[in-house]
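Here's the structure, in structure tokens; my notes come after.
The values are calculated or read from the model by the stated rules, or taken from the named source; none is laboratory data. Quick caveat: nothing in here was measured; it's all calculated off a predicted structure. All Cβ positions, even for glycine, are placed from backbone atoms using ideal geometry, and neighbour counts span all protein chains on display. Areas reflect the complete protein model, heavy atoms only, side chains present, ligands, DNA and RNA absent. Shrake-Rupley method; radii C 1.70, N 1.55, O 1.52, S 1.80 Å.
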Amino acid sequence: MSDLREEWEDPGDDWGAPPFDTLAELTAAADGLLVTSEADHPLEPFRWPGPDPITPEALRDSLGLPPDAPAEVVSLDAFFSPLASSQEWFDDAQRATAARFATLRDLIADRLTDVAVYRLGRIEVAVIIAGRDQAGATVGLRTTQVET
């Protein structure tokens, strides 16, 4: 998501501090996974700056979207269900990918509180999966889904 503004903090390689432990786990679990839509995009880790909670309004501002850009909040299960569900016609690689998405969903549910999945915009929809870690920091993963 190259259009995110600089106030989003990329955790980089500084995983030693306690607030980043959960983010490191999420990053490792998401490594190499692509969220499928009309274009496939990776899941990128982030730490939300400051103590204020994430809101659709704050996300619109951070993403440079207009105030009237569509925004919805969906459940973790609603977002991950199509990605984590295995079909009988899947090959071994597709089943393994679905299992990794299920593991990631479970890790997010286990490690974060107040989890929400925000979907913002039209066509190139920004998807922000966020919650609070044990240290109280808001962390998560972001991606894009293309929907025409």
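Here are the numbers for this structure:
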{"read-out": "Estimated 222 nm signal from helices in the chain, with DSSP H stretches of n ≥ 4 weighted -39500 (n - 2.57), rounded to 500", "value": "-10000 deg cm²/dmol"}
{"read-out": "Extended-chain gain in nm, criterion 0.36 nm per residue less alpha-carbon gap, ASP91 and GLU147", "value": "17.6 nm"}
{"read-out": "Probe 1.4 Å, accessible area per residue of the chain, Å²", "value": "53"}
{"read-out": "Over the chain, relative contact order from alpha-carbon pairs under 8 Å, at least 6 apart, %", "value": "31"}
{"read-out": "Carbon plus sulfur fraction of accessible area for the chain, probe 1.4 Å, in percent", "value": "49"}
{"read-out": "The stretch 74-148: GluC sites (Glu not before Pro) in DSSP loop, at most 15 other beta carbons within 10 Å", "value": "GLU88, GLU147"}
{"read-out": "Cβ charges +1 (Lys, Arg) and -1 (Asp, Glu), total dipole of the chain, debye", "value": "260"}
{"read-out": "Which of THR97, PRO70, VAL115, positive extreme of dipole for the stretch 35-148 (C-beta unit charges)", "value": "VAL115"}
